[in-house]
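Beneath this line is the structure, given in structure tokens, with notes to follow.
The values are calculated or read from the model by the stated rules, or taken from the named source; none is laboratory data. Predicted, not measured: the structure shown is a model, and the values here were computed from it. Because the Cβ atoms are built from the backbone with ideal geometry, glycine has one as well, and the counts that use them run over all protein chains shown.
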Protein chains: 2
Amino acid sequence: MGGAECNKIENTENGSSVDLESSLPYGGGLEIHKVNLPPPKTTLQALRHRLGEVFFPDDPLRQLNDQTCFRRFVLCIQYIFPIFQWGTEYNFQLFKSDLVSGLTIASLAIPQGISYAKLANLPPIIGLYSSFVPPLIYAVLGSSRDLAVGPVSIASLVMGSMLREAVSPDDTAVYIQLAFIATFFAGVFQASLGLFRLGFIVDFLSKPTLIGFMGGSAIIVSLQQLKGLFGITHFTNEMGLIPVLFSVFNNRSEWAWQTILMGFSFLAFLLITRHVSMVKPKFFWVSAAAPLTSVILSTMFVYLLKADKHGIKIIGELHGGLNPPSVNMLRFHGEHLSLVVRTGVVTGILSLTEGIAVGRTFGSMKNYQIDGNKEMMAIGAMNMIGSCASCYVTTGSFSRSAVNYNAGSKTAISNIVLASAVLITLLFLIPLFYYTPNLILSAIIIIAVIGLIDYRAIVKLWKVDKFDFLSCITAFIGVLFVSVQSGLLIAVGISILKIFIHVTRPNTVIMGNIPGTQCYQNISHYREATKVPSFLIIAIESPIYFANSVYLQERLLRWVREEEEQTTKKNLNSLKCVILDLAAVTSIDTSGLETLVELRNKLNKRDLKIVLANPSEEVMEKLYKSQTLKLYGSDAIYMTVGEAVSAMSNHQ
Amino acid sequence: MGGAECNKIENTENGSSVDLESSLPYGGGLEIHKVNLPPPKTTLQALRHRLGEVFFPDDPLRQLNDQTCFRRFVLCIQYIFPIFQWGTEYNFQLFKSDLVSGLTIASLAIPQGISYAKLANLPPIIGLYSSFVPPLIYAVLGSSRDLAVGPVSIASLVMGSMLREAVSPDDTAVYIQLAFIATFFAGVFQASLGLFRLGFIVDFLSKPTLIGFMGGSAIIVSLQQLKGLFGITHFTNEMGLIPVLFSVFNNRSEWAWQTILMGFSFLAFLLITRHVSMVKPKFFWVSAAAPLTSVILSTMFVYLLKADKHGIKIIGELHGGLNPPSVNMLRFHGEHLSLVVRTGVVTGILSLTEGIAVGRTFGSMKNYQIDGNKEMMAIGAMNMIGSCASCYVTTGSFSRSAVNYNAGSKTAISNIVLASAVLITLLFLIPLFYYTPNLILSAIIIIAVIGLIDYRAIVKLWKVDKFDFLSCITAFIGVLFVSVQSGLLIAVGISILKIFIHVTRPNTVIMGNIPGTQCYQNISHYREATKVPSFLIIAIESPIYFANSVYLQERLLRWVREEEEQTTKKNLNSLKCVILDLAAVTSIDTSGLETLVELRNKLNKRDLKIVLANPSEEVMEKLYKSQTLKLYGSDAIYMTVGEAVSAMSNHQ
């Protein structure tokens, strides 16, 4: 350890630095650099920086810098109500585009609204109400230019299946009330996530999980539609794959051939139009207009042939008129409250995930940024206000937004056009839906959800990442065979388990020298990397903290033991020095520091020197504060593995 | 991008490699190395390796390699019953040491056993039963040579406070039954953790959490002892700081001066002996023998002066004899089952943590390794069998093991000596405890737990790691003011929250060149590091996966935006190339891969080139499998940041 006395640990005024005498040349000819201590920060500064990164990573107040008071006020108003931002530059040219796209999505939204309400076991009219108020609110508060707002299939399905646990949908008044309360909670939950900048919670629903969840849900939803398509009256109340199939085949006596024939004809029609639009994206309007066309055709068909007298079930009378207020129905007590809150949270998080993912997708296509937290507040406000105006959970829908985008929408005005079209329907056209057959709604739902089964993505997951495939397939199977909520819960659990496995069992790899360089790499990755005799260089690929410090200590000692066994067996130079490459150790806590101390003690007892290379800012600071640095000594910390090897070979 | 055509992506037979034409010299004079794809592995190989690392990191079957069948059988038996391993070499010399240490810990264990049983609201005799059977079992199954087994304060306290929620301790028969059932569940839980190799779950009780928890519990326990020390009859049933102090001062009328005088005298005596042993470790036996001495002295005092007639409460009659079987009391149904299971799990994990930590501490002092999973099975078996023989939760106790170690114990035989001493006590000496005053038990408990308040460690936590301090202080305050279990739960929650924050909000740092080298380091850490004009080099300090991919994308784009604003403001060379240093990105999932693709698309739209440096084995493999590698192109992946800078400067 000849050179050790040349080095010293300095504690200078403006911080502290472990001076390794930067100009001292060692045997390897490599200049050794001192490893700085980072500039000192007060606790408050560190806390502020940390909180800033956690809660304000996007630095939302940036544009307020260097502005006058009035300008700041205007910017704030524009931040809360983006309509004031783009509204000032709005012109007739833009309006023409928005009018066309608004009318296109309306033709899709009206039949979808009615169908999705049925999916949630709600009266069809609620679906129309929910396509009127929320788009208006989103137009004022939302920051996406392409999002088309309204009820969506997954959230409708989950709400329907969860609320059914408490109250039968036949008990309409109570059921509707629970739905509105759940919607209110969904809105509160969504808005608070945004307000408290906890948007990252949504990220825990990873995409693989969602692919599996949506695939499973799509199958469940489609199976539920067999009731309508086969004209079955006595259908099971359960959602699982097996009871539903059982129910379909057990009630063969109720199958009505007229319903089946008509249903499958329209299903074929819709499938063909969908296929046309998928093959030629230019004809997107074919599939966009198909649902309304089918509704009109089938209604006329029933009306003209009096098919309702021949076993084809129809919607029947709907009460038109504007959304009635429902704020008096929001009660926050009673026996079902806990279930309703849970329903709100689950549907809230699901609809948020869909809305934000859709908004981000189109934002990135048109090259503008979506502020996740702000969107959450907008969607939350939309649902809170919606629940007071007879609307159930709504969000940005993928299918409608895609149509909106393709139809050339420019701003959120297309949502206002959509709302106006729904308004006219509510006021004047409702009676026309009297003869609309139920089977057409089932067909529309099946077509809408069938696109959610993304088997190609599942195959790709298997190829690229087995763990992601596992989350995906668990969600899929869970939804199909257990229940929609449990499937989701299990899949999220598996995603989190993955994090825990990664944290508690981090990789440790043996490094070797890339010949002719000062570069050291994983020997199992780079075949040309060669071990340095007498040295064992181990890279720890994770922060060291309480959850893995015990494991890491044992694993590192096992590497050392195995290396010693190898050298003895092969009669090589015996091991003299262990170098820990801390490049990927981005953080350390007190348990990790203790592990480093114990490792040193244990290796020293075996006459092995232990040396640290490439400590990060935080690690260096903690090593210093905990006195571990003093214990290791200044000749045991190096900036790179190369310098450590060079310095240590010189010592021996 | 002149050199791009020289590079090619090869897919060779024995794996695939992205060949960056290793010998091509670039302008920087730096040789560019190819970034290998790691050798291909089948799914089964990868799974096997992964499961091996997660569940068998210590490679427990290593010693079975290259052995005959018979030898393997012997090794297995020795693995399960370590007594057969060291038993063959046992001799009289070792026994002499074990006899001395066994008798020393017996003199401590007998009064402690009685006291701790009272802490758990159990009859004192159960404490003696629990000091007889478990040490015998541990002697056969345990692998630590220094662990002294028996009831411990924390687990006793928690069991007492949790079971009291269901049944009053005055309802002795039912209460004892619940305690035995909880002990059984604790054993089952402990043994299954070991059996399924889930020992790492114990690591989630981090040391800072435990320091806070034990400090808080020690205060709670000491306060409970005021009942005995002040001779109060009507004492609160609650555990919190405030109700207990309230109860003590509200019942001033019940304070008995004789009790107080005698209690505090013995407390002072015990404190002095403890101090002597702490100052001079050679005199460890002073504090080890003090409890038994106090018991004998105080009992004689009460007997001779008939003090029990003057307000000093005594233990009274105890029924001697061996442990009665209690297997018939284990019932696994009934209304309190869920609470009992929870009690079992909580006391199980707490006693496991203490036992294993103590075992590891002394193992590392004598330089032998403790197999955590094996210890869990031993402690679990001990509690399962114990619960059938009238014992409650036991584990390796810190105070007794320290005495054992200091008294020179050599093997687990000292536990057998301890058990024999307790056996003799149970059979013949029980009547002698009739006149033992309760106050002496209170004094013994206070002295035992007071050492758990480690204020120096708390101060150190504050200095070194604020987040660890937070877990510690939350546990402390939670235990003091809410409840023992909630305090623990909140603190564990905070530890896990820390992991989540680290995972969802990883650091990203800007790198600069260390002048005169090919080395790039964090510019906020190394002041000499200088930015390379036209380049932005960002190191991502965490794996990229679903929980942080959205954040990372936004954060990286913000770095780019800020850098562009800076260069415009200062009129510097405009930004041309972004280099991502992936050295610390030890893993990536499909969400992370998508983020890399989107980042590339977004930066390309701004006419910026993006380049990856230093991808790890797993990242490289996934980049290849997901076709991301093809998209980026072979001129966008480099082995080091230095090579990337050198190659890209040449292109421009």
Across region A:512-536, what is the total count of residues that are within 17 Å of A:L572 (Cβ to Cβ) and within 38 Å of the chain's Cα centre (by Cα)?
-> 1
May I ask you to list pairs of residues, at least six apart or on different chains, whose Cβ atoms are under 9 Å apart, with the first in region B:299-317 being acidic (D, E) and the second being loosely packed, with under 12 Cβ neighbours inside 10 Å?
-> B:E317/B:P431
Filtering region A:372-414 down to residues that are under 23 Å from A:I447 (Cα atoms) and assigned to a helix (DSSP H, G or I) yields A:F398, A:S399, A:R400, A:S401, A:A402, A:V403, A:N404, A:Y405, A:N406
Would you mind finding the one in A:L432, A:L480, A:L423, A:L452 that is in contact with a Gly (Cβ under 7 Å, 6 or more places away or on another chain), outside any loop (DSSP other than H, G, I, E, B) and within 27 Å of A:P291 (Cβ to Cβ)?
-> A:L480
With the checklist (1) more than 7 Å from chain B (Cβ to nearest Cβ); (2) surrounded by fewer than 21 Cβ atoms within 10 Å (Cβ to Cβ) in hand, flag the one item A:I501 doesn't pass.
-> (1)
Of all helices (runs of 4 or more DSSP H) completely enclosed by region A:207-265, which ones contain at least 3 residues that are of a type outside the set (V, I, T) and surrounded by 17 or more Cβ atoms within 10 Å (Cβ to Cβ)?
-> A:207-224, A:226-230
Taking region A:407-432 and keeping only residues that are surrounded by fewer than 20 Cβ atoms within 10 Å (Cβ to Cβ) and not aliphatic (A, V, I, L, M), one is left with A:G408, A:K410, A:S420, A:F428, A:P431
B:C519 being buried (at least 21 other Cβ atoms within 10 Å of the Cβ) and either within 8 Å of chain A (Cβ to nearest Cβ) or without any contact (Cβ under 8 Å) to a residue 24 or more places away in the chain (or both) = yes
Selection from region B:88-98 of residues that are in contact with a helix residue (DSSP H, G or I) (Cβ under 9 Å, 6 or more places away or on another chain), over 20 Å from B:F284 (Cα atoms) and either aliphatic (A, V, I, L, M) or assigned to a helix (DSSP H, G or I) (or both) | B:L94, B:F95
Does B:E354 qualify as being touching a helix residue (DSSP H, G or I) at 6+ places or on another chain (Cβ under 6 Å) and of a type in the set (D, E)?
-> no
Please find, within region B:530-563, the residue that is surrounded by the fewest Cβ atoms within 10 Å (Cβ to Cβ) out of those that are among the hydrophobic types (A, V, I, L, M, F, W, C) and within 7 Å of another protein chain (Cβ to nearest Cβ).
-> B:V550
The correct count of residues that are within 30 Å of B:L623 (Cα to Cα), surrounded by 12 or more Cβ atoms within 10 Å (Cβ to Cβ) and more than 24 Å from the chain's Cα centre (by Cα) in region B:41-87 is 4
Could you list, in sequence order, all residues of region B:532-563 that are out of contact with any strand residue (DSSP E or B) (no Cβ under 8 Å at 6 or more places or on another chain) and more than 30 Å from A:A491 (Cβ to Cβ)?
-> B:P533, B:R558, B:R561, B:E562
Determine whether B:T568 is more than 26 Å from A:K460 (Cβ to Cβ), in the same structural domain as B:H33 (by TED's automatic domain parsing), of a type in the set (V, I, T) and assigned to a helix (DSSP H, G or I).
-> yes
Do we find that B:G512 is among the small types (G, A, S) and away from every other protein chain (no Cβ under 12 Å) in this structure?
-> yes
Pairs under 9 Å by beta carbon, first residue within 21 Å of A:N373 (Cβ to Cβ) and more than 10 Å from chain B (Cβ to nearest Cβ) in region A:43-58, partner surrounded by 14 or more Cβ atoms within 10 Å (Cβ to Cβ) and among the basic types (K, R), six or more apart or different chains?
-> A:F56/A:R197
Residues B:A148, B:A155, B:A218: which one is of a type in the set (A, V, I, L, M, F, W, C), closer than 13 Å to B:N121 by Cα and under 22 Å from the mean Cα position of the chain (by Cα)?
-> B:A155
Using the structure shown, decide if A:S338 is within 18 Å of A:S107 (Cβ to Cβ) and assigned to a helix (DSSP H, G or I).
-> no
Tally, over region B:564-598, of residues that are surrounded by fewer than 20 Cβ atoms within 10 Å (Cβ to Cβ) and in contact with a strand residue (DSSP E or B) (Cβ under 8 Å, 6 or more places away or on another chain) = 1
Considering residues of region A:91-142 that are among the hydroxyl-bearing types (S, T, Y) and surrounded by 24 or more Cβ atoms within 10 Å (Cβ to Cβ) only, the residue nearest to A:L318 (Cα to Cα) | A:Y129
Where in region A:99-184 are there helices (runs of 4 or more DSSP H), lying wholly inside it, with at least 3 residues that are of a type in the set (G, A, S) and in the same structural domain as A:T273 (by TED's automatic domain parsing)?
-> A:153-163
With respect to the numbered conditions (1) farther than 30 Å from B:P111 by Cα; (2) outside any helix (DSSP H, G or I), which one is the sole condition not fulfilled by B:D468?
-> (2)
Out of B:V345, B:V340, report the one residue that is over 13 Å from the mean Cα position of the chain (by Cα), surrounded by fewer than 23 Cβ atoms within 10 Å (Cβ to Cβ) and touching a residue at least 40 places away in the same chain (Cβ under 8 Å).
-> B:V345
